[in-house]
1. Need one value: the accessible area of Lys186 in square angstrom, 1.4 angstrom probe, rounded to the nearest 10.
2. Give the accessible surface of the chain per residue, rounded to a whole number of Å², with probe radius 1.4 Å and ligands, DNA and RNA excluded.
3. I'm spelling it out carefully: the read-out is semi-axes √(5λ) of the Cα gyration tensor in Å, the candidates are (i) 37, 21, 16; (ii) 39, 27, 15; (iii) 27, 20, 19, and one was derived from this structure. Which label?
4. Using a 1.4 Å probe and counting only protein heavy atoms, arrange Asp200, Asp49 so the residue with the most accessible area comes first.
5. Order Leu143, Leu228 by their accessible area, 1.4 angstrom probe, all chains in place, largest first.
6. Nearest 500 deg cm²/dmol is fine: what mean residue ellipticity at 222 nm does the chain get from its DSSP H runs of n ≥ 4 alone, each adding -39,500 (n - 2.57), divided by its residue count?
7. Working with all protein chains in place, sort Arg51, Arg62, Arg15 by solvent-accessible area computed with a 1.4 Å probe, largest first.
8. With a 1.4 Å probe and every protein chain kept in, tell me what percent of the accessible surface of the stretch 1-136 is carbon plus sulfur.
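The values are calculated or read from the model by the stated rules, or taken from the named source; none is laboratory data. Computed from a predicted model, the values in this text were never measured in an experiment. The area values use the complete protein model at the heavy-atom level, side chains included, leaving out ligands, DNA and RNA. Shrake-Rupley method; radii C 1.70, N 1.55, O 1.52, S 1.80 Å.
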Amino acid sequence: MAELVFIVPGDPEQRTGGYLYDAHIAQGLRDRGWAVEVVGLAGTFPIPDARAEQSLIKALVRPPAHTTVVVDGLALGGLSDALERALAQRTEPLNLVALVHHPLADERGLTDPQSHWLWQQEQRALGLADRVIVTSPFTAQRLLDRGYLSARPSVVCPGVAPAPLAMTADPANPRFLCVASLTPRKGHEVLVRALDRLKDRAWTCQWVGDADRDRPHAERLFATLERLGLSERIQWLGEQDDAELRDSYHRASL
C-alpha cells in the first residue's frame with residue numbers, strides 16, 4: 001500500500017519543468033524507502049471539466065486513512081468544489097498537501113473573469129489543505145500577498161543535476177538555447193524582439209519545448225519569426241529526452 005499518493009493533472013510523463021520537478025520529488029522519496037503512487041488525472045486543467053472533477057474525487061476517496069496525498073497545484077487550484085465533495089465523502093482523514101508552482105490566476109492570456117474565478121477557487125482549495133508547499137520564495141510571497149494564505153508555506157526549491165563543463169564556445173558564432181514550452185508565460189516574444197536587434201551579428205538560437213500546449217500562440221510565434229526573417233536562425237527542435245537535452249546544454253554558449 002502506498003505511503004504517499006502524488007496526484008498530477010494528465011500524463012505524469014510530460015516533460016515540462018513542473019512535471020519533472022514532481023517526478024524527481026517522487027523518485028527521491030522512493031530512494032529513501034517510501035512507497036509512492038503517482039496518479040494522473042483525466043480531464044482539462046486549470047479550468048476543469050466534469051472529467052477532471054470526477055477524476056480528482058475518485059483519487060481522493062480511494063486512499064486509506066491518514067495517507068499523505070500530495071496534489072499538484074495545477075490539478076487542485078481550479079477544483080475546490082470537487083475537493084470539498086471528496087473530503088466530505090471520506091469517513092477517515094487524509095494528510096492533504098498542496099504543491100503550488102505558481103498561482104493559477106497569474107497565468108497570462110486569461111480574461112479578467114477567468115482570473116478572478118481561479119483566484120477564488122485556489123484560495124478555497126489551499127484553505128482545505130493541511131500543508132502547502134511551494135517551489136520558490138517568490139511563489140511563497142506571492143501567495144501571501146494575494147491573500148491565498150495567512151501563514152508562510154514551506155519552500156522546496158528545484159535542485160540541479162551535475163553536468164560536465166560545456167564545450168568551448170566559438171565567440172564568433174555563439175549558440176543560444178531556450179528551454180521552455182511555447183506558451184505566453186514563457187516570454188519567447190521578448191527573446192525574439194531582443195534577437196531581432198542583433199541581426200547584424202552572427203548567432204543561432206535553438207528552442208526546445210512543446211508547441212502544442214497553446215498551439216495558436218506557437219503559430220503566432222512562428223509567423224513572427226517568418227515576418228522578421230529569423231526562421232533560419234531561430235530553430236524550434238520540439239521536446240527532447242534527457243540525453244538530447246544534455247547535449248543541447250553542452251553545446252550552448254548561453
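1. My reading of the accessible area for Lys186 is about 90 Å².
2. Numbers: 13960 Å² over 254 residues.
The answer is 55 Å² per residue.
3. Matching the structure shown: (i).
4. On the way: Asp200 130, Asp49 50 Å².
These residues rank, largest area first, as Asp200, Asp49.
5. Details: Leu143 0, Leu228 40 Å².
Largest accessible area first, the residues go Leu228, Leu143.
6. On the way: 9 runs with 100 residues, N = 254.
It comes out at -12000 deg cm²/dmol, rounded to the nearest 500.
7. Working: Arg51 150, Arg62 130, Arg15 70 Å².
Ranked list, largest accessible area first: Arg51, Arg62, Arg15.
8. Details: 3380 of 6460 Å².
Using a 1.4 Å probe with all protein chains present, the stretch 1-136 comes out at 52 percent carbon and sulfur.
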